[in-house]
Amino acid sequence: MTHSKPKLITFGISHFCEKARWALDWHAIDYEEVSWPPGLHGILAKRCGAKGTTLPILLDGDTVIQGSGAIIDWADEKSRDNNRRLTHADALEVEQRADEVIGCHARRLVYAEMLPRFPQYAKPALFHNTSKAHRLIGDMMWPVTRQIMMRMYDITPEAASESRGKLEVELDWLDDKLNDGRSHLAGDKFSRADITVASLLAFFARPQKMPVYHEMSIPDALASDYGRWRDRPVIRWVVTQYQNYRTSANESLTPGVAA
């Protein structure tokens with residue numbers, strides 16, 4: 001009896017989806033990536049049995065695993081090499097802070113600079129590698145979806161400056177952690193803390209191995225953030241993490257597999 005591959009459901013632009021994707025690649029888990037467009041993704045998530053509508057979602061037979069952290073847990077359990085396990089207590093502490101602050105405010109900053117005035121920059125990345133049928137439906141839903149996203153992520157006139165300030169504090173915290181020359185953020189080996197922080201800051205590091213970020217057009221305000229932050233220790237560290245530990249990124253991203 002043959003078993004189908006697990007399916008990883010993603011948005012192309014999502015840094016939380018990249019976090020889950022990286023963990024699966026790290027453990028050499030064979031999976032099929034399926035990209036859903038925003039708006040339509042909520043309907044499709046309910047159909048597959050997910051409790052919520054957020055991505056990423058991993059479908060393994062009848063099992064539904066939702067959220068990047070839960071997908072890392074699943075990947076660690078599936079791993080045949082205990083030396084490559086990504087989880088330990090110190091890593092979970094860093095991951096939680098990064099998810100709750102860096103992940104949320106990086107996303108809010110990017111959407112605040114794009115969705116109100118430059119949605120043409122966000123949409124191609126959000127629809128990256130979706131199927132033709134899903135893209136057609138997503139296109140029709142896009143005007144409403146864009147407004148819903150702006151409400152969901154509290155995109156007010158002050159949102160960009162607020163989230164930019166929050167990120168500056170987190171970048172200072174991470175620069176301080178790396179000031180002693182360490183290679184990893186928690187313990188002495190590569191862990192979910194490293195995957196989390198590198199993935200969630202990848203938009204501002206624009207590593208070559210994450211082409212959806214490296215190649216996309218961005219507004220001047222975000223280009224200025226990139227120029228101002230690119231030489232910070234933590235942003236240079238993100239690039240190094242991609243160079244040293246993200247060997248499968250191109251294979252998992254280009255080309256993607258559409259539903």
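What is the sum of charges around Asp99, taking Lys and Arg as +1, Asp and Glu as -1, for the other residues whose C-beta is under 12 Å from the C-beta of Asp99? List each step's numbers first, then the result.
Working: positive: Lys19, Arg97, Arg107, Arg192; negative: Glu93, Glu95, Glu100, Glu170.
Taking every other residue near Asp99 into account, the sum is 0.
With the dipole of the range 7-84 worked out from charges on the C-beta (+1 for Lys and Arg, -1 for Asp and Glu) around the Cα centre, which of Gly42, Ala23, Gly12 lies farthest toward the positive end?
Looking along the dipole axis, the top candidate is Gly42.
So how strong a dipole does the chain carry about its Cα centre when Lys and Arg Cβ are +1 and Asp and Glu Cβ are -1, to the nearest 20 debye?
On the way: 33 positive and 34 negative charges, 149 e Å.
The calculation lands at about 720 debye.
Pulled fully out, how much extra length does the chain show between Arg228 and Glu93, if you take 0.36 nm times their separation in residues and subtract their Cα-Cα distance? Before the final figure, lay out the partial values.
Details: separation 135, 0.36 × 135 = 48.60 nm, distance 2.78 nm.
Result for the pair: 45.8 nm of gain on full extension.
Check each of the trypsin sites (Lys or Arg not before Pro) in the range 163-255 and keep only those in coil by DSSP with at most 15 other C-beta atoms within 10 angstrom; list them in order. Please list the in-between numbers first.
Working: sites: Arg164, Lys166, Lys177, Arg182, Lys189, Arg192, Lys209, Arg228, Arg230, Arg236, Arg246; in loops: Arg182, Lys189, Lys209, Arg230, Arg246.
When the trypsin sites (Lys or Arg not before Pro) of the range 163-255 are filtered for loop state and at most 15 Cβ neighbours within 10 Å, Arg182, Lys189, Arg230 remain.
Have a look at the DSSP beta bridges in the chain and tell me what percent are antiparallel, nearest 5.
On the way: 7 of 12 bridges.
Restricted to the chain, the bridges split so that about 60 percent are antiparallel.
Sequence gap at least 6, Cα distance under 8 Å: using those rules, report the relative contact order of the chain to the nearest whole percent. Please report the intermediate quantities before stating the final value.
Numbers: 371 pairs, mean separation 71.5, N = 259.
Reported relative contact order: 28 percent.
Each value in this text was obtained by applying a stated rule to the coordinates, not by laboratory testing. A quick note: this is a predicted structure, and the numbers were derived from the prediction, not measured. Cβ coordinates were reconstructed from backbone atoms using ideal geometry, including for glycine residues, and neighbour counts include every protein chain displayed.
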